[in-house]
Amino acid sequence: MKQRARCPGAHELGSHCRVTRALLFLVSVLSVAVFVSACSGDPTPTPTDTADRPEDRPFPTGDACEGMEILRVAPWVGGGLQLTVAFDTPPADAEAIALSGLPNRTPALALAPPASTVGYTGVLLVPSADPSEHAARIAAAVEVVRDAPDGDRVIAWSATEPPALVADTTRDRAHVIARLEASPSGPATYDDAVRTSVLETLDRLGGPWGALPRDLYVIGAEGDRVVDRESLRTIGACGPFPEGVDLTLTAGDAHCAFTSPAPNEDLRDAACEPGDAAADDWPFPDTVGLRFESAGARARFDALDADGSEDEFDVQITLGRARSVDARAHFRGQSSLGCDRKNLAVNLSGAWPRRLFPGAADDELLLISMCLDDGYVNQAVANRLMRKLELLPIGDRFVDLYIDGEPRGVYLILQKPVDTLRRDLARLAGVIRRRFDPEDKPEDIDFPDDEAGRAWAIERYREIVARIDATPPEGLLEALSADLDFDSYLRWLALASYLQNGDFVDEVLFYVSDEAAGPWFRVHGWDSDDLFSACHHSGKFAFDDPHGLTYCIEGDLDRALLVSEDVYDRYVDILEELITETLPPAAVEEVVDWVHHMLWTRLESDPLCRAMTEVGPADCEELREVVSDRTRFLMTAVNARAEELLEGIAVYRGQR
């Protein structure tokens, strides 16, 4: 595999890249000894997520290769294949490649650059017992992190046995750098087993349909695995290809052997187009169908629907053009259980997840009716804005829902947070949903399931909250930021103020990674459908903010803004940046327009529109006008709110 033309830490060490890495390796050989870092020991009883689930394992790759490397062989619709290949010399077109091994058949092929080259950058730091050498290695590791490709998630380990997780998967370069710079020196344990363990974790991240490039830089020893992303090509092939066939891909003198994976049974009846596979133009579902195999099964569903019960029921589900599969489902969402169109949680049968969004696949999903969402646009808009702020690591899309062939309106299909986090993080240790703090309602522990792990997670979270009363105001910002991405929390509060979300105190999750230096909490927004609404409970629980720059804050963590000027100053900085740089009204308008367009494309069948009874028996023309009215209102409100907040910020700064 070609090395990327980049030299981690060369400018720090004042030598050429190859010479630098060689010197680091020689020093590491001289200093190798059995070593267990102080940061490698697992805190007790910290839970970890090491389950070897089928959906965690990657698709097959190639072997016995010359001049190329096959990174992934995935089944395509209609019995086809999608191959992602790193070529030493990329072929000019599909005429320059061939695929052999099918008896009496020459499969049709297409070639294209990959749909995305965003991936993962992994760093494995081999510690040194020599302080100056250790500092040089840290500098080299930091340079790798800073130079990681835009959009990449970064993850770092220390070379111990087992490898210590320095920083879990994140796009927050500053956090990874801070953790690396705090990594202790000492003799190292680095061998093939350590490297293999790290690579297995790196390859698991994101699931089998996750990002393709997964680079690993070993700092202080040999062992890099780096993909030249410009050399990547995606190949679409139509067979059909049975499972277990020995195939060979050739491109001139380059070649690679591989074995075909099991075909995609759900979509085996769909037509295979090699160009679609090369472009990753997957038939993501625009419709979801629920069917019941018997009158008794439908009667149970209707009874649970009428009662607003969350008991499970059996159902057959069809995602777009795929064949129907067995599933277990239940109604969900306390507020929406009283709606005619209720939210649903669905667990699909089968060992492999289904593709629902680009770069992701799931065997569980949520169907959100948006029955309490004015104009059906608030949550979709808020979700996209939160994703831009790295506050919502899950995907969603509009779909049409049918039950036994009858339209039930447009729903929002959504990934489940815990499943997504388990797949995207190396050591997820807990997922906590905050409930209604003003009435001291206890938090929900959505992960893990074991009692010790749940206790550990909630104790760590409550320790953070308790610092507000236990820490002097001048030290509170630093104390809250020690093991919580507090800037992200303030960014979430700033977005709630910007969009005047009247009910959000219990619409947030805190998820924690078990990193070697200690737990690291992050923020996951949720269910933001009360945009530009009055504070719930008539605002009786909302804290009094004399500066008027927050909105309806009432959580225990929110008190930090009221007791510490430093915390409030930081919040104001983040709020101003949000409105003027990250999400100015023009950027919000782009998102609102996109949601408006995507929803309009679904509102084309009057029976489907009339099923959305929250606005009355409206046909599609009337319903479209409801959607348009809401989007116009949102943009008028966003512009006015931005102006109001910027004026308030100016007044606040003038008083400082």
- Query: Taking the condition free of Cβ contacts under 8 Å to residues at least 12 places away in the same chain and surrounded by fewer than 15 Cβ atoms within 10 Å (Cβ to Cβ), does Ala306 pass?
  - Reply: yes
- Message: Quick check on the range 363-374. Is at least one of its residues modelled with pLDDT of 95 or more, surrounded by fewer than 21 Cβ atoms within 10 Å (Cβ to Cβ) and over 20 Å from Arg332 (Cα atoms)?
- Response: no
- Note on the structure: Picking from Tyr411, Tyr402, the residue that is surrounded by fewer than 23 Cβ atoms within 10 Å (Cβ to Cβ), of a type in the set (Ser, Thr, Tyr) and at pLDDT 95 or above would be Tyr402
- Task: Count, please, the residues in the range 616-651 that happen to be outside any helix (DSSP H, G or I) and surrounded by 15 or more Cβ atoms within 10 Å (Cβ to Cβ).
- Result: 1
- Query: Between residues in the range 120-146 that are under 12 Å from Ala156 (Cβ atoms) and residues that are in a strand (DSSP E or B) and of a type in the set (Phe, Trp, Tyr), which pairs lie under 6 Å by C-beta distance while being six or more apart or on different chains?
  - Reply: Val123/Tyr217; Leu124/Trp157; Val144/Tyr217
- For the range 158-168, does any single residue satisfy the condition of being more than 11 Å from Leu125 (Cα to Cα) and modelled with pLDDT of 95 or more? yes
- Give me the pairs, please: first residue somewhere in the range 271-288 and within 19 Å of Val85 (Cβ to Cβ) and modelled with pLDDT of 95 or more, second residue anywhere and surrounded by 15 or more Cβ atoms within 10 Å (Cβ to Cβ) and of a type in the set (Lys, Arg), beta-carbon distance under 6 Å, and either six or more positions apart or on two chains. Trp282/Arg355
- Note on the structure: Residues of the range 478-496 being crowded, with 22+ Cβ neighbours inside 10 Å and in a helix (DSSP H, G or I), in sequence order, are Leu480, Phe486, Tyr489, Leu490, Arg491, Trp492, Leu493, Ala494, Leu495, Ala496
- Query: Residue check: is Ala297 under 25 Å from Ala351 (Cβ atoms), modelled with pLDDT of 95 or more, aliphatic (A, V, I, L, M) and not assigned by TED's automatic domain parsing to the domain that holds Pro91?
  - Reply: yes
- Note on the structure: From the option list Val381, Val399, single residue qualifying as part of a strand (DSSP E or B) and in contact (Cβ under 8 Å) with a residue 40 or more places away in the chain is Val399
- Which listed residue is within 26 Å of the chain's Cα centre (by Cα) and part of a loop (DSSP other than H, G, I, E, B), from Asp544, Asp558, Asp506: Asp506
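Yes/no per residue for (1) among the aliphatic types (A, V, I, L, M); (2) at pLDDT below 95:
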residue: Val512; (1), (2): yes, no
residue: Trp520; (1), (2): no, no
residue: Val523; (1), (2): yes, no
residue: Ser528; (1), (2): no, yes
residue: Ala534; (1), (2): yes, no
residue: Lys540; (1), (2): no, yes
residue: Gly548; (1), (2): no, no
residue: Ile553; (1), (2): yes, no
- Out of (1) of a type in the set (D, E, K, R); (2) in a helix (DSSP H, G or I); (3) outside the structural domain of Ser197 (by TED's automatic domain parsing), the one Arg72 does not meet is (2)
- Out of all the residues in the range 507-555, which are free of Cβ contacts under 8 Å to residues at least 24 places away in the same chain and either surrounded by 22 or more Cβ atoms within 10 Å (Cβ to Cβ) or under 30 Å from Arg422 (Cβ atoms) (or both)? Glu507
- Please work out if Ala148 is in contact with a strand residue (DSSP E or B) (Cβ under 9 Å, 6 or more places away or on another chain), modelled with pLDDT of 95 or more, in a strand (DSSP E or B) and surrounded by fewer than 23 Cβ atoms within 10 Å (Cβ to Cβ). no
- Given (1) under 30 Å from Ala277 (Cα atoms); (2) part of a helix (DSSP H, G or I), where does Glu143 come up short, assuming only one miss? (1)
- Query: Out of Asp224, Asp228, Asp246, which single residue is charged (D, E, K, R) and in contact with a Leu (Cβ under 9 Å, 6 or more places away or on another chain)?
  - Reply: Asp224
- Can you tell me which residue in the range 440-462 is nearest to Asp203 (Cα to Cα), limited to those that are without any contact (Cβ under 8 Å) to a residue 24 or more places away in the chain and in a helix (DSSP H, G or I)? Glu451
- Query: Within the range 116-132, can you find the residues that are in a loop (DSSP other than H, G, I, E, B) and surrounded by fewer than 24 Cβ atoms within 10 Å (Cβ to Cβ)?
  - Reply: Ser116, Thr117, Val118, Ala129, Asp130
- Note on Leu109: of the conditions (1) at pLDDT 95 or above; (2) in the same structural domain as Thr201 (by TED's automatic domain parsing), unmet is (2)
- Message: Scan the range 288-302 and tell me whether some residue there is assigned to a strand (DSSP E or B) and β-branched (Val, Ile, Thr).
- Response: yes
- Query: Has the range 579-586 got any residue that is aliphatic (A, V, I, L, M), surrounded by fewer than 14 Cβ atoms within 10 Å (Cβ to Cβ) and free of Cβ contacts under 8 Å to residues at least 24 places away in the same chain?
  - Reply: yes
- In the range 532-552, the residues that are of a type in the set (A, V, I, L, M, F, W, C) and under 21 Å from Ala382 (Cβ atoms): Phe532, Ala534, Cys535, Ala542, Leu549, Cys552
- Query: Which residues, counting only those in the range 556-568, are in contact (Cβ under 8 Å) with a residue 40 or more places away in the chain and not aliphatic (A, V, I, L, M)?
  - Reply: Asp556, Asp558, Arg559, Ser564, Glu565, Asp566
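The values are calculated or read from the model by the stated rules, or taken from the named source; none is laboratory data. A quick note: this is a predicted structure, and the numbers were derived from the prediction, not measured. Every residue, glycine as well, gets a Cβ built from its backbone with ideal geometry; the counts of neighbours run over all protein chains shown.
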